[in-house]
1. Of the listed peptides 91-100, 279-288, what is their order by residue-averaged count of other C-beta atoms within 10 Å, with the highest listed first?
2. Using the Kirkwood formula on the Cα atoms of the chain, what hydrodynamic radius do you get, in angstrom to one decimal?
3. Would you work out the charge dipole size for region 182-361 about its Cα centre, treating the Cβ of every Lys and Arg as +1 and the Cβ of every Asp and Glu as -1, and quote it to the nearest 20 debye?
4. Stretched out fully, how many nm does the piece from Asp304 to Asp15 gain, at 0.36 nm a residue minus the Cα gap?
5. For region 265-289, list residues with backbone N below 19 Å from a point placed 7 Å from the Cα of Arg213 toward its Cβ?
6. For region 46-51, just list the computed ³J(HN,Hα) in residue order, Karplus coefficients 6.51, -1.76 and 1.60, θ = phi - 60°, integers in Hz, with x standing in for Gly and Pro.
7. Could you order peptides 123-132, 10-19 by the average number of other Cβ atoms within 10 Å of their residues, highest first?
8. Using a cut-off of 13 Å between beta-carbons, work out the net charge of the residues near Asp280 (Lys and Arg +1, Asp and Glu -1, Asp280 not included).
Amino acid sequence: MTGAIHKTLEVGLGDRSYPIHVGPGILADAALIPADLAGRDVFVVTNTTVGPLYLDRLAGALSGRRVESLVLPDGEQFKTLASFAAIIDRLAELGYHRDAVVVALGGGVIGDLAGFAAACYQRGVAFIQAPTTLLAQVDAAVGGKTAVNHAAGKNLIGAFYQPRAVIADTDTLDTLPVREFRAGLAEVVKYGAGLDAAFFAWLEDQRDALLERETPVLVEAVIRCCSIKAAIVAEDEREAGRRALLNLGHTFAHAIETGTGYGQWLHGEAVAAGMVMAADLSVRLGYLSEAEAARLRRLLEGFDLPLSPPAMGSKAMAGLMAMDKKVSGGRLRLVLFDGLGASSVQEDVPGAELETVLAAAEPA
């Protein structure tokens, strides 16, 4: 029995289309498992934080099947080839075949790891996302990006591999630490700031309710983010065009995460600082008004998110940005604002302006 405000939307990808379910109390609902996966062996990948809280609840939706699990350490620093290998090793050891179903129970790190393993094991097995963090529910679990990190850059090794379903139980957000929850709000802000001005205004109005984690407001925020992303993924699954707009602030953010050591800054914290730098650069180039940039800073500050990067040196950050996956033909591609609620990919950003923004962002 799903929650009273359970909502569902679809990511339209032809024969690879899949539902996104959002609502309270839905993690244990067996009816949300795609019917053609019934009876298959299940392998759950989770971590030391989430597993004790929700693995038993998920098992309620998987009764009558062979269910095995692997509990990995918690943290971005464990999104590595070694963790990927641990998943593959365990699947092989247990004798799972191509009809297996891998379920990712956790945040973005677990989703990326389990999804990449599912994409590779026996050339691809079915995969379900059960995201338990706000960041994963609104972003990481939707769209089929799977990857592990490398010392040279974030998410450098991975694959596009779509899940068969996303089951986002908003009750799991009740146990999310404050810092993790607020970091997730940065990705929520991203959708409004870069793609939907009306949604941005709604977030301004609902700031206090979001911080209080009121269920109806959380469900609405998650479903609106997923709706925006689903439409973009259906149009541009492999980021050849418009999907790149979902990376607003991310080129700066990935440099912060790589440069500080994975796990020191949460992804959403880095995205918040990255969006502010993207806004500052957009103001300098005449794409965004200072008043609009100030609205962005106020909302992020209201969610207690960082507005500037850590001290790491503008040259070091520029070097790490040059390793970003969005570099094409040796040219850095940045997502910048076209006014609040709109954005575009820019490939001809003047180097001097970028250097000025990076230098200005350095803590005094």
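Read-outs throughout are calculated quantities, based only on the coordinates presented, and are distinct from any laboratory measurement. Given the structure is predicted, the values throughout are model-derived calculations rather than measurements. Cβ sites come from the backbone with ideal geometry, for glycine too, and all protein chains shown count toward neighbours.
1. Peptide ranking by packing, descending: 279-288, 91-100.
2. Values: mean 1/r = 0.0487 Å⁻¹.
Averaging 1/r across every pair of different Cα atoms and inverting gives 20.5 Å.
3. 380 debye
4. Extra length from Asp304 to Asp15 when fully extended: 99.9 nm.
5. Within reach of a label on Arg213: 266-269.
6. Rounded to whole hertz, the list is 9, 10, 5, 8, 7, x.
7. 123-132, 10-19
8. -3
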